[in-house]
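Chemist: Sending over a structure as structure tokens; questions will come in a sec.
The values are calculated or read from the model by the stated rules, or taken from the named source; none is laboratory data. Predicted, not measured: the structure shown is a model, and the values here were computed from it. Counting neighbours? That spans all protein chains shown, and the Cβs are built from the backbone with ideal geometry, glycine included.
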Amino acid sequence: MAARRTTRKATRTYSKKAQQTVASAMRRKKRGTLRSGRSGRKVTSRKQAIAIGLSEARKKGAKVPPRRTSSR
């Protein structure tokens, strides 16, 4: 019987620094101190908190994959 090969799902590679920045953003969201953009509204969405964390990591120069582009 032939040996099975498992296919690995393509994963994004985030650096430790990027992971720490996202974790920091999530903690600020939980505390209620994470604010978004120019409006300064409180962030309540988990996805938005992650996006803000990744954006901050990019600004710091951490290894983060480029932003997704919409296909229209």
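Chemist: Restricting to the range 17-28, and then to whatever is charged (D, E, K, R) and modelled with pLDDT of 95 or more, can you tell me which residue is surrounded by the most Cβ atoms within 10 Å (Cβ to Cβ)?
Modeler: Arg28
Chemist: Quick one: is Gly37 small (Gly, Ala, Ser), without any contact (Cβ under 8 Å) to a residue 40 or more places away in the chain and surrounded by 11 or more Cβ atoms within 10 Å (Cβ to Cβ)?
Modeler: It is false that Gly37 is small (Gly, Ala, Ser), without any contact (Cβ under 8 Å) to a residue 40 or more places away in the chain and surrounded by 11 or more Cβ atoms within 10 Å (Cβ to Cβ).
Chemist: Residue under question is Lys9, and the condition is that it be basic (Lys, Arg) and modelled with pLDDT under 90; does it hold?
Modeler: yes
Chemist: Going through Ala57, Ala62 one at a time, which residue ends up being touching a residue at least 12 places away in the same chain (Cβ under 8 Å), in a loop (DSSP other than H, G, I, E, B) and surrounded by 11 or more Cβ atoms within 10 Å (Cβ to Cβ)?
Modeler: Going through Ala57, Ala62 in turn, the sole match is Ala62.
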